[in-house]
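Next up is a structure, given as structure tokens.
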Amino acid sequence: MERKEIRIQAGTSVPFHNGADYCIGTGRMGLALQREYQEQLALVQEEIGFAHIRGHGLFSDDMAIYQEYEEADGQKRAEYNFTYLDLVMDSYLRLGIRPFLELGFMPEKLASGRQTVFYWKGNVTPPSDYGAWRALVQATLRHLIGRYGAEEVTAWPVEVWNEPNLEGFWKDADREEYFKLFACTFAAVKEVDARFQVGGPAICGVQDELWIRSFLEFCRAEGISPDFVTRHHYTTQVPETAGHYGYAKLMPPEEGFANLESSRRIIDSFPEFRGLPMHLTEFNTSYIPNCPLHDTNRNAAYIAGQLARLGETSESYSYWTFGDIFEEFGVPFTPFHGGFGLVANGGIPKPTFWTFRFFKELQGVCVHRSQEAVIVRRPDGSYRGVVWNATLDGTGRGRELVFRLPMEGETYCLLTETVDEETCNPLKCWHDMGEPSSLSERQKKILREAARPLVQTRQEQIRCVREIMRQKTDGEMPEAMQRKEECGLREAAVTLTVAPNGVIYFEAAPVSLQPDRGYDYERAVRA
């Protein structure tokens, strides 16, 4: 087993931008009308609590917003139906989550062609009439402002389209046509209210040198000032297909981070756009919704490493997606089918769900950040941290980490929540059940129980640095250590053993025992 000891010096502060809870992805907007979808999102919001949600298909026909009718003289007129839009937006706001609006895909009656994407046939062609598209965008935003108020709605970020650099998502991956759509849409949104934050080009992540650079060159030439730049981030190789599934190998994390740094450099190479926020409006390991990797502990540990570093280049990073009510390749056959979601169908949290919940807790001054841990210090002198042990191929050794944390007092409580292949592994439980495709209520309950972290607590002594130093030097202390002794420093030694593909959340807080009159814990448990 690997062992590492890390001493945190008093007053330490290291950079860490924690945007883990800013945004989460969803399948197409129309799925929000389903009960299971709402139950999964409620679970995610209760345990994690994301600020925004982004999904496709706002203008697709299942949302029924764009309609046309014919006048008596044969003239066609546009009209708008916001019935389903209201239901979806009301449900989001009730759960304390706000849209990150992605404007797309094209209503069939407004489309210039018949090309579609996905099982649910989202139209990906430019508008046949840019004036009608502009009117649709403005009518939708004005309706939302009328319903929820300008202060609320103008705080919702607006992104134009999705992955136009892929032919499957934008006809012919036509850059010039996308730039035309962006310019038209940007002007339309800002005309409604200049406070809206609008960005693009929402590329899939490849071709950033071509697309992001040319996008910003276009904006410069047209005098457009985008409020942010968007792209996506996936970190697996091309999957191998077997039946309903695609098996993908993880990329070394540095390859993905290097690509993000490239995008950051491109943006900052434009003086007028230097420092512009970059939002990753989709990220995950695999980019397909049928990759069994998504359901594993290995995914959870790898994503922990991503969350520790994505803030180096990006303002936010939206995990794709919160749940497995998702139909890009069709309706899935089984509850564990390699879906993107943090929650499997049946309301079963996957291991990666807890990675996000753990990072949500990392609020405070960051005192340590590495390829295996992030630790923050709270104003009350306690610490919170996440440690992980990621492997690329599923094999590896356990790791023991000892963190020596400056702390006042005599005793501290160490709380841990462990997610690894032995303690929190609903996928294995489902496999051992025989991989049933239709779960009974009892099976769902068992799987939910198997999907909870192992919670443990213990009390430990806070020790003087000099005592530790003397033990390490057999009583003889060098002059430098003697100076530390004179300072009277005290520290907590937090020791954690992380299994391969494991993630552990911990809290270390000073405690003082305050028993009720007559209560004796030792007597209670031993007498």
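The values are calculated or read from the model by the stated rules, or taken from the named source; none is laboratory data. These figures come from a predicted structure and were not determined experimentally. So basically every Cβ, Gly included, is an ideal-geometry build from the backbone, and we count neighbours across all protein chains shown. Side chains are part of the model used for accessible areas, which takes the heavy atoms of the whole protein and leaves out ligands, DNA and RNA. Shrake-Rupley method; radii C 1.70, N 1.55, O 1.52, S 1.80 Å.
Residues in segment 227-263, backbone N under 15 Å from the label point at PHE333 (7 Å along the Cα-to-beta-carbon vector): list them, ranges by number please.
241-247
For the chain, what is the charge dipole size about the Cα centre, in debye to the nearest 20, if Lys and Arg each add +1 at the Cβ and Asp and Glu each add -1 at the Cβ?
1140
Name the residues whose placed amide hydrogens come within less than 5 Å of the amide hydrogen of TYR317, ignoring near sequence neighbours (fewer than 5 apart) on the same chain.
Amide H to amide H, under 5 Å and 5 or more residues apart or across chains, TYR317 pairs with TYR22, CYS23, LEU280.
Compare the peptides 204-214, 452-462 by average per-residue count of other Cβ atoms within 10 angstrom and give them in order, highest first.
Averaged packing, sorted descending, gives the order 204-214, 452-462.
Using a basic spin-label model with each label point 7 Å from the Cα along Cα→Cβ, how many nm lie between GLU152 and GLU46?
2.4
Here is a further query. So, taking all protein chains as they sit and a 1.4 Å probe, how much accessible area belongs to THR116, in Å² rounded to tens?
So the heavy atoms of THR116 present about 60 Å² to solvent.
Once a ≥ b ≥ c are taken as the square roots of the eigenvalues of the Cα gyration tensor of segment 97-148, is the result rounded (a/c under 1.5), prolate (a/b larger than b/c) or oblate (a/b not larger than b/c)?
Here segment 97-148 falls in the oblate category.
Once the other residues with Cβ under 11 Å from the Cβ of VAL192 are scored (Lys, Arg +1; Asp, Glu -1), what is the net sum?
Combined, the nearby Lys, Arg, Asp and Glu give +2.
Which distance in nm do the two modelled labels at ARG195 and GLN514 give, with both placed 7 Å along the Cα-to-Cβ direction?
With each label placed 7 Å out from Cα toward Cβ, I get 4.3 nm.
Starting from the exponent 0.38 and prefactor 2.2 Å, build the expected Rg for segment 381-441 from its residue count and divide its actual Cα Rg by it.
So segment 381-441 has a normalised radius of gyration of 1.71.
Oh, and also: Return the sequence-ordered ³J(HN,Hα) values of segment 270-282 in whole Hz as given by the Karplus equation 6.51 cos²θ - 1.76 cosθ + 1.60 applied to θ = phi - 60°, using x for Gly and Pro.
Karplus-based 3J(HN,Hα) across segment 270-282 equals 9, x, 6, 10, 4, x, 4, x, 10, 9, 8, 7, 8 Hz.
Taking 8 Å as the Cα distance limit and 6 or more residues as the minimum spacing, I'd like the relative contact order of segment 108-205 as a percentage.
Relative CO of segment 108-205 lands at 30 percent.
Another question, if that's okay. Mind listing the long-range amide H neighbours of GLU102? Cut-off is under 5 Å, sequence gap 5 or more, other chains count too, H placed in the peptide plane at 1.01 Å from N.
GLY55, GLU159
I would also like to ask the following. Calculate one ³J(HN,Hα) per residue across segment 57-66 by plugging θ = phi - 60° into the Karplus curve 6.51 cos²θ - 1.76 cosθ + 1.60, and present them in order as whole Hz with x for glycine and proline.
With coefficients 6.51, -1.76 and 1.60, one gets x, 4, 9, 5, 5, 6, 8, 6, 6, 8 Hz.
What is the set of long-range amide H partners of ALA344 at a cut-off below 5 Å, with H atoms built 1.01 Å from backbone N?
Placed amide hydrogens put LYS350 under 5 Å from ALA344.
Ignoring ligands, DNA and RNA, what accessible area per residue does the chain give at 1.4 Å, in Å²?
Solvent-accessible surface per residue comes out at 44 Å².
Under the definition of Cα pairs under 8 Å and six or more residues apart, what whole-number percent is the relative contact order of segment 183-310?
The normalised contact order for segment 183-310 reaches 25 percent.
Write down the Kirkwood hydrodynamic radius of segment 342-382, to one decimal in angstroms, obtained as one divided by the mean of 1/r over all alpha carbon pairs.
This gives a value of 11.9 Å.
Charges on Cβ only, +1 for Lys and Arg, -1 for Asp and Glu, centred on the Cα centroid of segment 285-415; of PRO406, GLY346, GLY323, which one is farthest towards the dipole's positive end?
PRO406
Please state the relative contact order of the chain as a whole percent: Cα pairs under 8 Å, 6+ residues apart?
It comes to 16 percent, rounded to a whole number.
Using 0.36 nm times the number of residues separating ALA64 and CYS464, minus their current alpha carbon distance, what extension gain do you get?
Stretched fully, the ALA64-CYS464 segment lengthens by 137.2 nm.
Need the C-alpha centroid separation for segment 124-202 versus segment 332-402, integer Å.
After rounding, the separation between the Cα centres reads 35 Å.
A further question follows. Whole-Å semi-axes of segment 29-168's equivalent ellipsoid, largest first, each the root of 5 times a Cα gyration tensor eigenvalue?
Working from the Cα gyration tensor, I get semi-axes of 27, 18, 14 Å.
In addition: Would you work out what percent of the accessible area of the chain, with all protein chains in place, is carbon or sulfur (probe 1.4 Å)?
The computed percentage sits at 47.
Taking only DSSP H segments of four or more residues, each worth -39500 (n - 2.57), what value at 222 nm results for the chain once the sum is divided by all its residues, to the nearest 500 deg cm²/dmol?
-9500 deg cm²/dmol
Here is a further query. Find out how many positive minus negative residues lie around GLN237, taking Lys and Arg as positive, Asp and Glu as negative, among other residues whose Cβ is under 14 Å from that of GLN237.
My count for the surroundings of GLN237 gives -2.
Another one. Take peptides 295-301, 227-233, 489-495, 256-262 and line them up by average Cβ neighbours within 10 Å, highest first, as a rough protection proxy.
Ranked from most to least packed, the peptides come out as 295-301, 227-233, 489-495, 256-262.
May I ask what percent, to the nearest 5, of DSSP beta bridges between residues of the chain are antiparallel?
So the antiparallel bridges amount to about 65 percent of the total.
With no solvent and one equal point scatterer placed on each C-alpha of the chain, evaluate the Debye formula and give log10 I(q)/I(0) for q = 0.07, 0.10, 0.11 Å⁻¹, two decimals.
Log-scaled intensity ratios, in q order: -0.45, -0.85, -1.00.
Quick one: what are the phi-derived ³J(HN,Hα) couplings along segment 239-249, Karplus 6.51/-1.76/1.60 with θ = phi - 60°, whole Hz, x for glycine and proline?
Karplus-based 3J(HN,Hα) across segment 239-249 equals x, 9, 8, 8, x, 7, 10, x, 9, 10, 8 Hz.
So how far apart, in nm, are the two label points at CYS413 and GLU177 if each is 7 Å from Cα heading toward Cβ?
6.1
For GLN138 and GLN237, FRET efficiency with R0 = 35 Å and r from the beta-carbon atoms, rounded to 0.05?
It comes out at approximately 0.25.
What ratio of Cα Rg to 2.2 N^0.38 Å holds for segment 288-402?
Rg over 2.2 N^0.38 Å, computed on Cα atoms: 1.18.
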